[in-house]
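The values are calculated or read from the model by the stated rules, or taken from the named source; none is laboratory data. Everything quoted here is computed from the prediction, not taken from an experiment. Cβ placement follows ideal geometry from the backbone for every residue including glycine, while neighbour counts extend to all protein chains displayed.
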Amino acid sequence: MYFLYVFLQNSKLQEAFLMKTKELLKDYEEKKQLYCYQLGDIDAIFDRIDNKPSNHHLLYQLPTGGGKTVIFSEIVRRYIEKFDKKVVILTHRIELCKQTSKILKGFDVKNKIINSSIKEIPDQEDYSCFVAMVETLKNRLLDEKLEIDNVGLVIIDEAHYNSFRKLLSSFKNSFVLGVTATPLSSNFKLPMYENYNELLVGESIASLVNKGYLAKATTYSYDVGLTSLKIGINGDYTVKSSDELYTNIALQEKLVHAYKNHCLGKKTLIFNNGIKTSIQVLETFKQAGFPIKHLDNTNSNEERKMILDWFKNTPDAILTSVGILTTGFDEPTVECIILNRATKSLTLYLQMIGRGSRNLPNKNTFAIVDLGNNALRFGLWTDPFDWHHIFKYPEQYIHNLRDDMEIERYFTYKMPPEIRALFSKTNDISFDVELEYKLAVQSLQRPKIVIEKSIQQHAEMCVDNSENLNQAKALAKILDEDIESRMRHYANCLNNATKNYKDWLIEDYKIKLIIAIGRTYRIRIMESE
């Protein structure tokens with residue numbers, strides 16, 4: 001009773017009690033619940049630890065959002081308890097170090113972060129688990145600041161990055177567990193099978209969605225001509241060629257159109273390949289009156305925190321970014337992912353989509369808007385992947401991916417409803433270029449007759465749905481995508497048509513269409529008189 005009296009009279013004691021209660025509640029919230037599939041994978045991993053050689057290298061695959069960090073945190077807890085040896089966890093970003101350390105703490109694993117600010121580690125004997133970035137740990141090992149004789153387990157997060165290879169020689173007698181969503185090396189010249197003896201595949205994306213662990217996605221794909229893009233030395237599209245394509249007015253308009261149709265009012269992440277593109281997206285959406293901010297790796301830590309706090313607390317926020325939110329970022333309330341870029345990287349493709357896949361009590365679906373033909377290249381997010389084959393034969397997998405010319409060959413233009421309404425007096429707006437080309441060849445006519453027929457049909461559409469010549473010519477300008485689609489199919493019929501020739505066909509078509517509209521309009525006037 002006396003303690004209660006003192007407590008009620010002492011405000012500082014009350015404040016300390018409340019702070020301690022909050023800390024306990026926070027620790028309780030951070031301690032994650034393990035699901036059945038996670039427990040099953042943990043048992044499978046420990047089966048390897050118990051029965052394989054002490055220096056066995058195991059690669060574990062689990063989709064983004066499946067809880068890889070939670071799983072290996074529980075593995076660390078059990079391993080230390082069972083073997084009384086030290087564990088080293090390697091990450092490639094400081095944000096991941098902090099997140100990992102936080103989750104480990106939730107599993108009652110006392111751990112120490114080794115970052116660039118730590119030059120000496122005098123208290124290393126007080127810890128059984130260390131979380132470190134690759135370069136920092138490499139420097140501490142060279143300086144002989146870290147005792148590694150008793151390290152029995154090394155866990156590599158985001159193992160598909162190749163920066164970890166340089167440290168493997170320092171842990172020759174340790175069991176190495178690599179963890180990744182995609183067992184495909186970020187550098188195809190350095191395949192993962194060279195560093196890992198075995199691949200263990202976890203639950204699939206489709207299974208996690210069906211069981212309610214991940215949100216269900218709906219993908220909306222827009223055909224985008226990518227043949228102007230260049231491939232860089234890393235095997236992916238260059239930033240410069242991507243910026244040139246994605247900053248043009250037509251694609252910016254397509255982006256806004258896609259947002260309005262599928263993401264309006266939803267918390268949205270837009271991924272771009274270049275800063276120039278992202279800033280252009282920022283300006284375009286600002287002018288349209290939408291709440292949007294831009295984030296890239298040039299922002300300071302303070303700016304990054306401010307922008308992410310705004311994004312978290314604004315229900316209809318749009319965040320356009322470049323290469324900074326694919327890993328180490330978790331905002332479960334994201335409802336729409338826009339891929340405003342193309343990529344040749346399966347890992348990046350799945351990472352970007354994974355930012356929207358978190359399930360919440362009031363959110364079990366999300367939208368994917370693809371403006372880079374990525375779904376046509378890799379398949380839908382929930383499509384099955386033969387990870388064992390990809391792990392064993394990565395070059396074959398990369399070689400068999402559909403290239404841009406093959407993808408674009410099967411593009412079929414579908415006129416949007418708002419444009420179709422402007423040609424309501426024309427019953428049939430379709431034109432099968434391949435069929436017309438085939439008929440021309442069979443009847444020994446010159447191929448150009450196909451273009452002439454197409455131009456005449458477009459001219460009649462414009463004249464029939466206008467009250468004067470100027471209106472008809474104005475309608476011709478909104479047929480650009482239809483014209484490009486038809487000329488792309490025509491060029492495919494020619495087999496060896498160059499990009500320059502395709503571009504010339506499109507420009508020549510537009511000039512001849514205006515001439516044909518004038519001619520058709522005059523004929524109609526004469527007929528009416």
Discussion item. Quick check on the range 244-267. Is at least one of its residues acidic (Asp, Glu) and touching a Lys or Arg at 6+ places or on another chain (Cβ under 7 Å)?
Written reply: no
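Residue-wise test of (1) without any contact (Cβ under 8 Å) to a residue 40 or more places away in the chain; (2) touching a strand residue (DSSP E or B) at 6+ places or on another chain (Cβ under 8 Å); (3) not charged (D, E, K, R).
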{"site": "Val463", "(1), (2), (3)": "no, no, yes"}
{"site": "Lys510", "(1), (2), (3)": "yes, no, no"}
{"site": "Leu513", "(1), (2), (3)": "no, no, yes"}
{"site": "Ile523", "(1), (2), (3)": "yes, no, yes"}
{"site": "Met526", "(1), (2), (3)": "yes, no, yes"}
Worksheet entry | the range 34-80, subset among the hydrophobic types (A, V, I, L, M, F, W, C) and without any contact (Cβ under 8 Å) to a residue 24 or more places away in the chain, residue nearest to Cys97 (Cα to Cα) | Leu39
Practice prompt. Scan the range 262-283 for residues that are outside any helix (DSSP H, G or I) and hydrophobic (A, V, I, L, M, F, W, C) and jot them down.
Written response: Cys263, Leu264, Leu269, Ile270, Phe271
Practice prompt. For residues that are polar (S, T, N, Q) and under 20 Å from Ala44 (Cα atoms), tally how many sit in the range 179-194.
Written response: 2
Worksheet item: Hey, among the residues in the range 139-166 that are under 30 Å from Leu350 (Cβ atoms) and surrounded by fewer than 19 Cβ atoms within 10 Å (Cβ to Cβ), which one's modelled with the highest pLDDT?
Response: Arg165
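Residues are listed down the side, and each one gets a yes or a no for (1) more than 25 Å from Glu244 (Cβ to Cβ); (2) in contact with a Cys (Cβ under 7 Å, 6 or more places away or on another chain):
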residue: Arg341; (1), (2): no, no
residue: Tyr349; (1), (2): no, no
residue: Ala367; (1), (2): yes, yes
residue: Gly379; (1), (2): yes, no
residue: Thr382; (1), (2): yes, no
residue: Phe391; (1), (2): yes, no
residue: Leu401; (1), (2): no, no
residue: Phe431; (1), (2): yes, no
residue: Tyr437; (1), (2): yes, yes
Item to complete: For the range 447-495, enumerate the residues that are assigned to a loop (DSSP other than H, G, I, E, B) and at negative phi.
Response: Pro447, Asn465, Ser466, Glu467, Asn468, Leu494
Discussion item. Restricting to the range 484-500, give me the number of residues that are at pLDDT 90 or above and closer than 12 Å to Pro447 by Cβ.
Written reply: 1
Item to complete: From (1) under 20 Å from Leu350 (Cα atoms); (2) touching a strand residue (DSSP E or B) at 6+ places or on another chain (Cβ under 7 Å); (3) not charged (D, E, K, R), pick out the condition that doesn't hold for Asn234.
Response: (2)
Worksheet item: Do we have any residue at all in the range 319-328 that's surrounded by 15 or more Cβ atoms within 10 Å (Cβ to Cβ), within 26 Å of Thr69 (Cα to Cα), outside the structural domain of Gln61 (by TED's automatic domain parsing) and without any contact (Cβ under 8 Å) to a residue 24 or more places away in the chain?
Response: no
Worksheet item: When only residues in the range 468-516 that are β-branched (Val, Ile, Thr) and closer than 16 Å to Ile449 by Cα count, which is surrounded by the fewest Cβ atoms within 10 Å (Cβ to Cβ)?
Response: Ile506
Worksheet item: Inside the range 328-362, can you point out the residues that are assigned to a loop (DSSP other than H, G, I, E, B) and within 10 Å of the chain's Cα centre (by Cα)?
Response: Asn340, Arg341, Ala342, Thr343, Ser345, Arg355, Gly356
Practice prompt. Any residue in the range 423-437 that's within 17 Å of Tyr490 (Cα to Cα): show its pairings with residues that are surrounded by fewer than 17 Cβ atoms within 10 Å (Cβ to Cβ) and of a type in the set (Val, Ile, Thr) at Cβ separation under 9 Å, as long as the two are six or more apart or on different chains.
Written response: Glu436/Ile449
Worksheet entry | Which numbered condition Leu200 fails, given (1) part of a strand (DSSP E or B); (2) closer than 20 Å to Arg355 by Cβ; (3) hydrophobic (A, V, I, L, M, F, W, C) | (2)
Worksheet item: Does the range 182-191 contain at least one residue that is among the hydrophobic types (A, V, I, L, M, F, W, C), assigned by TED's automatic domain parsing to the domain that holds Ile80, surrounded by fewer than 15 Cβ atoms within 10 Å (Cβ to Cβ) and more than 13 Å from Leu59 (Cα to Cα)?
Response: yes
Worksheet item: When Ile429 is evaluated against the numbered criteria (1) in a helix (DSSP H, G or I); (2) of a type in the set (A, V, I, L, M); (3) in contact with a helix residue (DSSP H, G or I) (Cβ under 9 Å, 6 or more places away or on another chain), which criterion, by number, is the only one it fails?
Response: (1)
Item to complete: Could you look through the range 251-268, keep only residues that are more than 12 Å from Leu371 (Cα to Cα) and of a type in the set (A, V, I, L, M, F, W, C), and pick out the one that is surrounded by the fewest Cβ atoms within 10 Å (Cβ to Cβ)?
Response: Leu264
Worksheet item: Given Val369, Val334, which one is under 25 Å from Gln252 (Cα atoms), at pLDDT below 95 and surrounded by 21 or more Cβ atoms within 10 Å (Cβ to Cβ)?
Response: Val334
